[in-house]
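> Can you read through this structure? Questions will come right after.
The values are calculated or read from the model by the stated rules, or taken from the named source; none is laboratory data. All figures in this text were calculated on a predicted structure; none of them were measured in a lab. Cβ: placed from backbone, ideal geometry, glycine included. Neighbour counts: every protein chain shown. These accessible areas exclude ligands, DNA and RNA; they are computed on the full protein's heavy atoms, side chains included. Shrake-Rupley method; radii C 1.70, N 1.55, O 1.52, S 1.80 Å.
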Amino acid sequence: MTEIDTSVPHSARIWNYWLGGKDNYRVDEEAGDAYTAVFPGIVTIARSSRAFLGRSIRYLVTEAGIRQFLDVGTGLPTVDNTHEVAQRLAPESKIVYVDNDPLVLAHARALLTSAPEGVTAYEDLSLYEPEKILEAASRTLDLSRPTALILSGILGHVADHEQARDIVRRLLAGLPSGSYLSLNEGSRGTDPAYEQAQDAYNETGAVPYFLRPVDQIAAYFEGLDLVEPGLVSVPLWHPEPGEEEPRPIGQHGALGRKP
């Protein structure tokens with residue numbers, strides 16, 4: 001296994017720290033605190049992205065009847081992972097996680113717990129190899145049946161937007177009619193302070209994450225039928241009843257169905 005360097009900050013561990021997780025080191029906390037000193041709203045963005053993921057999975061299980069999930073770019077295990085949300089509602093759900101970060105691989109056992117009626121699997125593969133991902137997923141999932149593709153905050157790491165679109169197209173091409181794409185990404189045009197903080201972070205030499213205009217995020221859903229209310233800032237997508245009025249943030253997401 002690749003040795004994990006704990007002397008430099010790591011984006012997955014920083015994100016884990018913002019989510020309130022424990023799989024991080026002092027160096028990650030310091031980097032995370034430095035970012036929040038410039039832009040405190042990053043914690044809200046991280047947690048709102050995670051909350052959107054949970055709400056979209058609940059919709060997929062309860063409203064769309066989906067029982068298979070392909071979660072690509074998993075990140076570190078934290079609260080309410082895909083399989084936990086899905087199997088809480090439908091214990092027979094099957095989930096395949098995909099990531100190729102040695103740090104995530106080291107913690108993958110936490111993702112492989114499962115309700116006895118269901119299955120979880122972890123595949124150590126690159127986002128840039130969609131066909132290999134589909135081939136590996138087919139060992140656990142029946143890809144002739146509708147499947148939910150989860151891409152949560154991962155495509156911003158792909159510097160070229162057309163390449164990111166191509167990855168989405170190729171993954172969806174291997175899934176049948178009735179499948180869904182749940183996607184949310186950091187966006188431009190809502191919060192200038194977030195944009196300035198992220199641009200500055202990208203210049204530090206850390207693994208960059210590129211915020212994109214909303215129309216570029218919308219392009220990932222080309223050819224799909226969007227579930228209402230369409231592509232919106234994530235707090236506005238099916239907010240929980242009784243919550244205070246949600247406010248837009250620089251993170252947009254949607255759920256789209258393949259015709």
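> Are any residues in region 47-64 over 11 Å from the mean Cα position of the chain (by Cα) and without any contact (Cβ under 8 Å) to a residue 40 or more places away in the chain, and if so, which ones?
R47, R58, V61, T62, E63, listed by residue number.
> Quick test of your reading of the structure: P246 fulfils all but one of (1) assigned to a helix (DSSP H, G or I); (2) in contact with a helix residue (DSSP H, G or I) (Cβ under 8 Å, 6 or more places away or on another chain). Name the failing condition by number.
Checking P246 against (1) assigned to a helix (DSSP H, G or I); (2) in contact with a helix residue (DSSP H, G or I) (Cβ under 8 Å, 6 or more places away or on another chain), the one that fails is (1).
> Only one residue in Y201, Y128 is hydroxyl-bearing (S, T, Y) and within 21 Å of G32 (Cα to Cα). Which one?
Answer to the selection: Y201.
> Every residue in region 246-259 that is closer than 16 Å to T190 by Cα and in contact (Cβ under 8 Å) with a residue 40 or more places away in the chain, please.
P248, I249, G250, Q251, H252, G253
> Is it true that some residue in region 37-44 is touching a helix residue (DSSP H, G or I) at 6+ places or on another chain (Cβ under 7 Å), open to solvent by less than 60 Å² (accessible area, probe 1.4 Å) and of a type outside the set (A, V, I, L, M, F, W, C)?
yes
> Something else about it: Just checking, which of S177, S144, S152, S182 is among the hydroxyl-bearing types (S, T, Y), modelled with pLDDT of 95 or more and over 15 Å from I66 (Cβ atoms)?
S152
> Can you tell me which residue is least open to solvent (accessible area, probe 1.4 Å) among those in region 208-248 that are at pLDDT below 95 and of a type in the set (D, E, K, R)?
Checking each candidate, the answer is E240.
> Filter region 140-158 down to the residues that are within 17 Å of the chain's Cα centre (by Cα) and open to solvent by 20 Å² or more (accessible area, probe 1.4 Å), then identify the one that is nearest to S187 (Cα to Cα).
Here is the first cut: in region 140-158, the residues within 17 Å of the chain's Cα centre (by Cα) are 147-158.
With open to solvent by 20 Å² or more (accessible area, probe 1.4 Å) added as a condition, the list becomes 152-154, 157.
Details: S152: 13, G153: 10, I154: 13, H157: 13 Å.
Applying the filter and picking the extreme gives G153.
> Would you mind stating whether G230 is at positive phi, more than 19 Å from the chain's Cα centre (by Cα) and not in a helix (DSSP H, G or I)?
In short, no.
> Now for a separate question. Name the residues in region 89-99 that are under 16 Å from I150 (Cβ atoms) and not β-branched (V, I, T), would you?
Initial filter on region 89-99 (under 16 Å from I150 (Cβ atoms)): 89-90, 93-99.
Correct list: L89, A90, S93, K94, Y97, D99.
> Let me ask something additional. Of the residues that sit in region 54-86 and are modelled with pLDDT of 95 or more and open to solvent by 20 Å² or more (accessible area, probe 1.4 Å), which one is nearest to L149 (Cα to Cα)?
It comes out as R67.
> Turning to a different aspect of this structure: Please count how many residues of region 117-139 are under 15 Å from Q68 (Cα atoms), part of a loop (DSSP other than H, G, I, E, B) and open to solvent by 30 Å² or more (accessible area, probe 1.4 Å).
Number of matching residues: 3.
> Within region 82-116, work out how many residues are part of a strand (DSSP E or B) and of a type in the set (S, T, Y).
Residues that pass the stated criteria total 1.
> What number of residues within region 195-245 are acidic (D, E), in contact (Cβ under 8 Å) with a residue 24 or more places away in the chain and under 17 Å from E185 (Cα atoms)?
The number of residues fulfilling the criteria is 2.
Table: residues versus (1) open to solvent by 10 Å² or more (accessible area, probe 1.4 Å); (2) without any contact (Cβ under 8 Å) to a residue 60 or more places away in the chain; (3) among the acidic types (D, E).
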| residue | (1), (2), (3) |
| --- | --- |
| Y97 | no, yes, no |
| P102 | yes, no, no |
| Q163 | yes, yes, no |
| G174 | yes, yes, no |
